[in-house]
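Read-outs throughout are calculated quantities, based only on the coordinates presented, and are distinct from any laboratory measurement. Please read these numbers as outputs of a predicted model, since none were measured by experiment. Heads up, the Cβs are rebuilt from the backbone with ideal geometry, glycines too, and the neighbour counts pull from every protein chain shown.
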Amino acid sequence: MDATASHETRDREPALPDPKGWVDLCALEDLEVNWGEAAIVAGHEYAVIRTNDDLVFVTDHRDPRSGALVIARGIVGRHGERHTVASPLYKETYDLATGECVAGGEYTLPVYPAEVRDGRVRFRPAA
């Protein structure tokens, strides 16, 4: 998914932050449960992940260890009460709320504030 296009309209203008810095990405229903999608906002790639309890998390799409753009293709799950994504390359598992590597690894996945408002997914991108 690209923030400049939705499933229905590929001709939409690029998403711009509102006065408080939030960017509208897509409708919640556009995201599959326990799956990630990649979104490009202002040239930066993000992973947008919807969990089975309809929470949405936004992280960097870039794997902190390898540098590859793969996080949206990671395995979404849980570690105890924490929502997680496992990198599809080296299998580090990251807390989607904090970016912390839950196995105590040295890598941290950048995470961004996200919310669902009126059925729309919004987030505050990197400055």
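The phi torsions of region 39-52, fed into the Karplus equation with coefficients 6.51, -1.76 and 1.60 and a -60° offset, translate into couplings of 10, 10, 10, 6, x, 9, 9, 10, 9, 10, 10, 10, 9, 5 Hz, rounded to whole numbers, with Gly and Pro shown as x.
Spin-label model, Tyr90/Ala126: points 7 Å from Cα along the beta carbon direction are separated by 1.7 nm.
Residues of the chain were split at every exposed loop site, defined as trypsin sites (Lys or Arg not before Pro) in a DSSP loop with at most 16 other C-beta atoms within 10 angstrom, and the longest piece left, sites excluded, is 21-64. With a sphere of radius 13 Å drawn around the Cβ of Pro88, what net charge do the other residues whose Cβ falls strictly inside it have (Lys, Arg +1; Asp, Glu -1)? Surrounding charge for Pro88 is +2.
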